[in-house]
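The next block holds one structure in the form of structure tokens; read it before the comments.
Every read-out reported here was derived from the displayed coordinates using simple, explicitly stated rules and does not represent laboratory data. Bear in mind that the values here come from a model prediction, so they are computed numbers and not experimental data. Quick reminder, even Gly has a Cβ in these numbers, built from the backbone with ideal geometry, and neighbours come from all protein chains shown.
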Amino acid sequence: MSRSREASGRRRKCRLALILSTMLLAAVVVPSAASASPSSNVVISSFSGSIGLPNAIVPGPDGALWFTNLANVGRITTNGAITEYTDPGINSTSGIAVGPDGAIWFYMNGAVNGSIGRMTTAGVVTNIYSDPRIVHNAIVAGSIAVGSDGALWFTNYGNPFQPGSIGRITTDGAISVYTDPAINHPLSIAAGPDGALWFTTPGWVGRITTSGSVTQYETLGAGPWVDIVAGPDGAMWFTGDNDGFPSIGRITMDGTVTDYDGGGLVTSPTGIAVGPDGALWIVEQLAIGRMTTNGSFTNYEDLHLGNPGPIASGPDAALWFGNTSNNSIDRIAFAQPTVVPFGGVVSEGTAGTSELDLTVTLSHPFLQPVTAQWNSIFIAGASNVQALPDTDYIPASGTVTFPPGATTETVPITVVNHDLGMPYKLLVVSFHNPTNAGMGGYWGLGFGFLVNNSP
């Protein structure tokens, strides 16, 4: 070996020895995650065209997103290319959905009566279904969703001359309309995990079965409740106002309601969608919020957000939303996180083996899975308090995976229970080769402490 190589090796061992000594002096002190503000963890992109007041957005069957914006129907690819489709029959578009036939269906608040349109993914309008029972309202947008019966269901908010109603249209254009005292100015509609449709009104949340049976559920406040979505936890989540306080609500299939204010951080919530990370993403004024199903809330505020409108999860593991301030379609995604190895402690038993769970974290959630390879290592000559492979522990390796939205995982190391001959020993684990993330901590090293079983 050359002198330069020998010197380099000595320097490396010295650095590692210093790290180990520092860890020993700190006992169980481990590197902390980044302390950046939540908004610094997201990346916002804006895409403009001749877009006027986007009303609704949905992922399409063609890998793009489709949206309505008053005068036409638009399509945006995940790289931001926008195409807008016009047709003499298209006007005042609002709600949008992908039908069971693979076509794009949209609600229109027409000049005289409302109507439902159908468009192929090539942008060709095949049908415009007009009907006096599709109630015109020039101000309040209609919502449309696919039911468990293979039909599309929509909301008619109503007007001073016609009551509100819930409508149903089959893919061949047959229309049915349901009225009920509990259907009072319906705003948004979504399919529930129970096979029924759930909808919001200015004062409560309603449920309608595919046979037309309606149930009204009183909420914690008088509303108005704006948007609703089926959550990843088998409940429905909705946004609006709880007696004058901005609120996010959750209702189970038996009608149990829980209200969240995000610790007072929720402001004017409107649109809501389930993200690829299994969290609820909420549109607010000058902000987009993220809420986990256990109620943990984070607000991402940015002047570039303007006044975000409808929101949907895209096929690219990002959230896409209409920006009504900038007349644009915008994308919000997490910046790449950092894998931060932490540590773990286990007390030795008198015989057999124990398990040391060594914790590793992400600096912030991510919308795609993050992985990192790991293996236990022994650094010869670095410290005499290192745990010895095959004596103090069983050497191990593997891959740790963070599902979308997760920030904490553990890796297991089997510890051999016996008298260590000293108060404690240090086990070193190397984390490396991350995907969808960078590597942080002390050179990607995690440290586990084996506490001796004898005084």
| said: Relative contact order for the chain: what percent, with Cα pairs under 8 Å and sequence separation of 6 or more? | reply: 12
| field | For region 314-348 versus region 366-391, the gap between their alpha-carbon centres in whole angstrom | value | 27
| note | Answer check: region 375-455, Cα atoms, Kirkwood Rh, Rg/Rh ratio of 1.01
| How far apart, in nm, are two points set 7 Å out from the Cα along the Cα-to-Cβ line at Asn127 and at Phe161? | 2.7
| query | Which FRET efficiency, nearest 0.05, do Ser213 and Asp243 yield, Cβ-Cβ r, R0 22 Å? | reply | 0.15
| field | Neighbourhood charge, 15 Å Cβ-Cβ cut-off, centred on Met236 and excluding it, Lys, Arg +1 and Asp, Glu -1 | value | -4
| query | Which net charge results when you count Lys and Arg as +1 and Asp and Glu as -1 among the other residues whose beta-carbon is under 14 Å from that of Gly314? | reply | -2
| message | Past the 14 angstrom mark, what percentage of all C-alpha to C-alpha distances in region 311-364 do you count? | response | 71
| query | Helix 3-25 versus the longest principal axis of the chain: what is the Cα-based angle in degrees, 0 to 90, to the nearest 10? | reply | 70
| remark: Reduced to Cα centres, the span from region 198-221 to region 423-455 in Å works out to 52
| Three principal axis lengths of the chain [C-alpha, angstrom, descending] | 87, 48, 37
| Amide H partners (placed H, <5 Å) of Thr324, local residues excluded | Asn307, Gly309
| message | Can you show me the helix-derived [θ] at 222 nm for the chain, built from DSSP H runs with n ≥ 4 at -39,500 (n - 2.57) apiece and divided by the number of residues, rounded to the nearest 500. | response | -2000 deg cm²/dmol
| query | What dipole magnitude, in Debye to the nearest 20, does region 68-157 give about its Cα centre under +1 on Lys/Arg Cβ and -1 on Asp/Glu Cβ? | reply | 80
| remark: Summing +1 per Lys or Arg and -1 per Asp or Glu among the other residues with Cβ less than 14 Å from Ser376's Cβ gives -3
| remark: Counting only backbone N atoms under 20 Å from a point 7 Å out along Cα-to-Cβ of Val451, the residues of region 330-369 in range are 342-360
